[in-house]
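Student: My questions all concern the structure below.
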Amino acid sequence: MKKYLIVLALVQSFIGVTQEKKETTTLRSTSNIKINGQLDESIWETITSATGFKMLRPDNGPEAPNTHKTEVKVLYDDNAIYIGAILYDNDANAISREFSQRDNVFVEADVFTVAINTFNDGINENKFYVTAAGTQADSKTRQGGWRTNDYNWSAVWESAVSITDVGWVVEIKIPYSALRFQNTNVQTWGINFMREIKRRDEIYSWNYVDRSVGNESQYNGILNGITNIKPPVRLSFFPFVSAFSETTEGNTKTKITAGLDLKYGITENFTLDATVIPDFSQTGFDPLSLNLGPFEQTFREQRQFFTEGVQLFNKGGLFFSRRIGGRPSESASTSDGEEIIDSPSEVKVLNVFKISGRTKNGLGIGFLDAITGVTEATIKNTITNTSRKEVIEPLTNYNVLVIDQQFNDNSSVSLVNTNVSRNGHFRDANVTALVYDLSTKSNTFNLEGDFKFSSINDIETINGFSANLEFRKTSGNFRYDFEYRMADDKFDINDVGRQRRNNFSNFSGGVSYQKFTPQGRFNNYRVSLSTDMEYLYSPNVYTEFNLSLRSHFRTKKQLSYSFGVYLSPAKTHDYFEARIPDHVFVKNSDIFLNSDFNTDNGKKISSRFTLRYNKRFNDDESGFSFAIRPQIRVSNHFKINYSLDGGFDKSEPGYITTTDTDILFGRRDVREIENSVRFTYNHNTKHAIGLNFRNYWSTVQYKNRYFTLEEDGSLATTKQQPDYNPDTNFNVWNLDLNYSWQFAPGSQAVFLYRNSIFQNTEESTLNYLASLDNLLKQPFTHIFSLKITYYLDYLNLKNMFKKKNS
């Protein structure tokens, strides 16, 4: 009998397990529906409601109580789909209604969500969110072993809410131009509705979602009844005008630009996005910090064009859009008597376009192309008092091609290629990857991985490769995974991608147990144990061995805390800190402890507390850090977020410089303090004022503790000193004050004032206040900018001209 049960379990894992799929039917509306949050048109009364919501969190499956039942109705016409929902609440005055701006639903407000999958394939899902305060957000579901929502995708649609005696009402209009669907007479869409009640920490869904197996997008119900609709002409324009002024030490630069972003539906499934004369002057500041390590410091993308609709281009992890318009690929060279008087730190982006979409058979195609302009440094000859120009980045073309085939509602195989072509005798690069993400039909097991090949054409052609293979159990309370990752010492994707290092061969694995439903005092918890063994790929030598134990708990009182222990029981062989190939730095075993505690965010005052401690055995090196991040919700309109982060590393060994005969290291004491505060006032969901401030300070003191790196990786005391003072006082100040006004759907005006200062000196003995006083004596850079973007839709323009001519 046991044999038959085992066989049955294996068969189910591959052929799938039948899940409940509710169905609801929509009706065609022949009357005009006004989006006012009232559902006052008579046709709403003729539709059967989607009801019977079940709990998604914290429990998983119980029916919603009558005090908080939900009724949803769906209509459609030739132009849009309409959703009306009544969300009952026995205490309407207690409904959470914190105001926020577009795409920010992570606030203290109840949320209603519509998940639509026009392909009904379990993968390609769009979500539309409306809070009880009226804030809109939208997202696309990312595919992967652990799917998440990509909130960078944006569409133009309408919604309205109203608070009533029995709860709240939401009304939504989603034009077909915001969706992609097949050109067929009968449409069958996947759909689900969700409701989050913040003060009760509860989420309910119309179609039941089993949180222990698969992903939410695979549990959509069915929407029937949509017939004889046609994909519209999807053509919209976003013209903008921008005024910019920058002043430093009395020198002012001004600029007025105009440009255009556009979206065009090439077919019902494929869309062209383009930006002509792009303007990124209002991009948020990067959180600069002192980097003492051997690897590049990078920051997340904040330019909207490169964050929106790039889900397909992120397949395989080859595309890092900050490379486009980033630092020049080369530095200026000087001869005797010459000095560099101007060397731009960024390259100008001339234009970018991307084409993406997916066929009815699940074939996704994406192509992105960008051109950046020539960038020159100015070099002055101090003897002849003449100047010359030198190209540090030529005219350059970047492109990304992705071909992605999805199948079985949960799997895909992709081919990805990135290419950088620089004009003239500059470095070119090409990278190709085969990426796969395969799950059994029942989502019990997942196999994910890739094979990548890079080719760099510089002085000579350099080819490299990497591979990754991971197998994991993805269902149930008990889970496990195994992974192997490798890259040879020639593999390089950094021309258009982001790669911390190459030359590794790593094995890892782990087990975990998680409870999805309440038990005792906890709503949920997760405990995991993992290990990894790391080697160089060439030569095949050991580098590191790690063990980690991690846990996370969330209580029924909406408190959460995490604790982790990370242990390196053997010595670590670091082949990168010395900055010279084949030179190893050997570090003793160490332990790292991490703890986090979060109070209830639903309270007026809440906070997060973090404490970390590390100690290297048989060594003077140790360190600790902390973070205190309180949040004060003064009202539903005004909120203050403050963050104080600090740390101290004692006797940390690290690279300083290379002399003619030695590699020089030092033991340093490192202090860090980061203060940041954000004030947000949302008058309503259309008008907001925000103030963001950040001050980061760090000092490094070596105290004449210098060493040479020996051949066996140890450090030997030396009287030799570097030819410069390596002590550092690093200080950064950034302040952004902005006002935003969404004056029409898809249209916005943003005014920004920014000031910033940066200072890097050798005065490492100064304390925080003295360093800040010195910093504030430096000249500020002041930036004022105003950008106005207006949304124009072809269909609206067409209808408007028809009315004028009739």
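The values are calculated or read from the model by the stated rules, or taken from the named source; none is laboratory data. This structure is a prediction, so every number in the text was calculated from the model and none was measured. Counting neighbours? That spans all protein chains shown, and the Cβs are built from the backbone with ideal geometry, glycine included. Remember, those area values only see protein heavy atoms, side chains included, never the ligands or the DNA or RNA. Shrake-Rupley method; radii C 1.70, N 1.55, O 1.52, S 1.80 Å.
Student: Report the full-extension gain for the segment PHE237 to ASN381: residue separation times 0.36 nm, less the Cα-Cα distance, to one decimal in nm.
Tutor: 47.0 nm
Student: Over all pairs of distinct alpha carbons, what does the Kirkwood formula give as the hydrodynamic radius of region 19-147, in Å?
Tutor: Details: mean 1/r = 0.0600 Å⁻¹.
About 16.7 Å for region 19-147.
Student: Let me ask something else about it. From zero outward in steps of 10 Å, how is the percent of C-alpha pairs of the chain spread across the bins?
Tutor: 2, 10, 19, 25, 23, 13, 6, 2, 0, 0
Student: Let me ask another. Give the calculated FRET efficiency between TYR542 and ASN423 to the nearest 0.05, with a Förster radius of 35 Å applied to their Cβ-Cβ distance. Write out the running numbers ahead of the final one.
Tutor: Values: r = 44 Å, r/R0 = 1.27.
After rounding, the FRET efficiency stands at 0.20.
Student: Ok, one more. Treating the angle as unsigned and between 0 and 90°, give the value, to the nearest 10°, between the Cα long axis of helix 794-805 and the longest Cα principal axis of the chain.
Tutor: In the chain, helix 794-805 runs at an angle near 50 degrees to the longest axis.
Student: Working with all protein chains in place, sort ASP409, ASP369 by solvent-accessible area computed with a 1.4 Å probe, largest first. Each step should come with its number before you reach the end.
Tutor: Working: ASP409 70, ASP369 20 Å².
Correct descending sequence by accessible area is ASP409, ASP369.
Student: If you don't mind, another one. Pairs of alpha-carbon atoms within less than 8 angstrom and 6+ residues apart define the contacts here; what relative contact order does the chain have, in percent?
Tutor: Values: 2138 pairs, mean separation 71.9, N = 806.
With pairs under 8 Å counted, the relative contact order is 9 percent.
Student: Please compute the modelled spin-label separation between ARG388 and ASP662, points set 7 Å along Cα→Cβ, answer in nm with one decimal.
Tutor: 3.9 nm
Student: Another question about this same structure. Using 0.36 nm per residue of separation minus the Cα-Cα distance, give me the extension gain between ASP342 and ASN684 in nm, one decimal.
Tutor: On the way: separation 342, 0.36 × 342 = 123.12 nm, distance 4.52 nm.
Result for the pair: 118.6 nm of gain on full extension.
Student: From largest accessible area down, sort ASP489, ASP138; use a 1.4 Å probe on the protein chains. All intermediate terms of the calculation are to be shown ahead of the outcome.
Tutor: Working: ASP489 65, ASP138 0 Å².
In descending accessible area the options line up as ASP489, ASP138.
Student: To the nearest 0.05, what FRET efficiency results for LEU795 and SER508 with a Förster distance of 41 Å applied to their C-beta separation? Numbers along the way, then the final one.
Tutor: Numbers: r = 52 Å, r/R0 = 1.27.
FRET efficiency, LEU795 to SER508: 0.20.
Student: Can you pull the accessible area of LYS615 for me, 1.4 Å probe, Å² to the nearest 10?
Tutor: My reading of the accessible area for LYS615 is about 60 Å².
Student: I'd like the per residue volume of the convex hull spanned by the Cα atoms of region 584-626, given in cubic angstrom. The partial results should precede the final answer.
Tutor: Numbers: hull volume 3.2 nm³, N = 43.
Hull volume over Cα atoms, normalised by residue count, gives 75 Å³.
Student: Within region 695-737, list the residues whose amide N lies under 18 Å from a label point set 7 Å along Cα→Cβ of SER331.
Tutor: Taking a point 7 Å out along Cα→Cβ of SER331, the residues of region 695-737 whose backbone N falls under 18 Å are 723-726.
Student: Please give the FRET efficiency for ASP286 paired with ASP645, using the beta carbon to beta carbon distance and R0 = 22 Å, rounded to the nearest 0.05. Could the numbers behind the result be given before it?
Tutor: Values: r = 16 Å, r/R0 = 0.74.
E between ASP286 and ASP645, to the nearest 0.05, is 0.85.
Student: Determine how large the accessible area of PHE707 is when every protein chain is in place; take a 1.4 Å probe and give Å² rounded to the nearest 10.
Tutor: Accessible area of PHE707: about 30 Å².
Student: Which whole-number percent is the relative contact order of region 458-612 (Cα, under 8 Å, 6+ apart)? Please list the in-between numbers first.
Tutor: On the way: 353 pairs, mean separation 20.9, N = 155.
RCO, region 458-612: 13 percent.
Student: Averaged per residue, what accessible surface does the chain expose to a 1.4 Å probe, in Å²?
Tutor: On the way: 38440 Å² over 806 residues.
The answer is 48 Å² per residue.
Student: Something else about it: Convex hull over the alpha-carbon atoms of region 659-805: what's its volume per residue in Å³? Display every interim value, and only then the final one.
Tutor: Working: hull volume 32.5 nm³, N = 147.
It comes to 221 Å³ per residue, whole-number rounded.
Student: Let me ask you something else. Helix 2-15 versus the longest principal axis of the chain: what angle, 0 to 90°, nearest 10, using Cα atoms?
Tutor: 90 degrees
Student: Could I ask something else about it? Filter the trypsin sites (Lys or Arg not before Pro) in region 159-199 to those in DSSP coil with at most 10 other Cβ atoms within 10 Å of their Cβ, and list the result. Present the calculation step by step, with values, prior to reporting the outcome.
Tutor: Details: sites: LYS173, ARG180, ARG195, LYS198, ARG199; in loops: ARG180.
Filter output for region 159-199: empty list.
Student: Also, quick follow-up: Would you kindly derive the ³J(HN,Hα) couplings of region 760-772 from the backbone phi angles with the Karplus curve 6.51 cos²θ - 1.76 cosθ + 1.60 (θ = phi - 60°), listing them in order in whole Hz, with x for Gly and Pro?
Tutor: Calculated HN-Hα couplings, in order: 9, 10, 9, 7, 6, 7, 5, 7, 4, 5, 5, 5, 5 Hz.
Student: On the accessible surface of the chain, probed at 1.4 Å, how many percent belong to carbon and sulfur atoms?
Tutor: Values: 20670 of 38440 Å².
Ligands and nucleic acids excluded, carbon and sulfur give 54 percent.
Student: Can you tell me the length gained on complete extension of the stretch LYS719 to GLU20, counting 0.36 nm per residue apart and subtracting the Cα distance? Walk me through the numbers before you get to the answer.
Tutor: Details: separation 699, 0.36 × 699 = 251.64 nm, distance 7.46 nm.
Contour length minus the Cα-Cα distance gives 244.2 nm.
Student: Calculate for the chain the 222 nm mean residue ellipticity that helices alone would give, adding -39,500 (n - 2.57) per DSSP H run of length 4 or more and normalising by residue count, nearest 500 deg cm²/dmol.
Tutor: Values: 4 runs with 39 residues, N = 806.
It comes out at -1500 deg cm²/dmol, rounded to the nearest 500.
Student: Could you check the simple spin-label distance between GLN297 and LYS360, using points 7 Å along Cα→Cβ, in nm with one decimal?
Tutor: Simple spin-label model gives 5.3 nm for this pair.
Student: Let me ask something else about it. ASP582 versus PHE617, label points 7 Å from Cα toward the beta carbon: distance in nm?
Tutor: With each label placed 7 Å out from Cα toward Cβ, I get 3.2 nm.
Student: Here's a follow-up. Just reorder GLU330, GLU171 by solvent-accessible area, largest first, 1.4 Å probe, all chains present.
Tutor: Values: GLU330 80, GLU171 0 Å².
Most to least solvent-accessible, the answer reads GLU330, GLU171.
Student: Binning every alpha carbon pair distance of region 343-480 at 10 Å from zero, what are the percents per bin?
Tutor: Histogramming region 343-480 at 10 Å steps yields 10, 25, 26, 19, 12, 5, 2, 1 percent.
Student: Anything over 31 Å Cα to Cα? Flag those among LYS127/LYS490; LYS389/LYS703; LYS21/LYS354; LYS21/LYS604; LYS127/LYS787; LYS380/LYS719, in the order listed.
Tutor: Details: LYS127/LYS490 42 Å; LYS389/LYS703 42 Å; LYS21/LYS354 36 Å; LYS21/LYS604 40 Å; LYS127/LYS787 28 Å; LYS380/LYS719 39 Å.
Among LYS127/LYS490; LYS389/LYS703; LYS21/LYS354; LYS21/LYS604; LYS127/LYS787; LYS380/LYS719, the Cα-Cα distance tops 31 Å for LYS127/LYS490; LYS389/LYS703; LYS21/LYS354; LYS21/LYS604; LYS380/LYS719.
Student: Assuming a ≥ b ≥ c are the square roots of the Cα gyration tensor eigenvalues, decide whether region 498-552 counts as rounded (a/c under 1.5), prolate (otherwise, with a/b larger than b/c) or oblate. Write down the numbers at each step before the final one.
Tutor: Values: a/c = 4.75, a/b = 3.05, b/c = 1.55.
Here region 498-552 falls in the prolate category.
Student: Using alpha-carbon pairs under 8 Å, 6+ residues apart, how would you state the relative contact order of region 163-223 in percent?
Tutor: Values: 41 pairs, mean separation 17.9, N = 61.
Computed value for region 163-223: 29 percent relative contact order.
Student: Can you give me the solvent accessible area of THR148 with a 1.4 Å probe, rounded to the nearest 10 Å²?
Tutor: We get 70 Å² for THR148.
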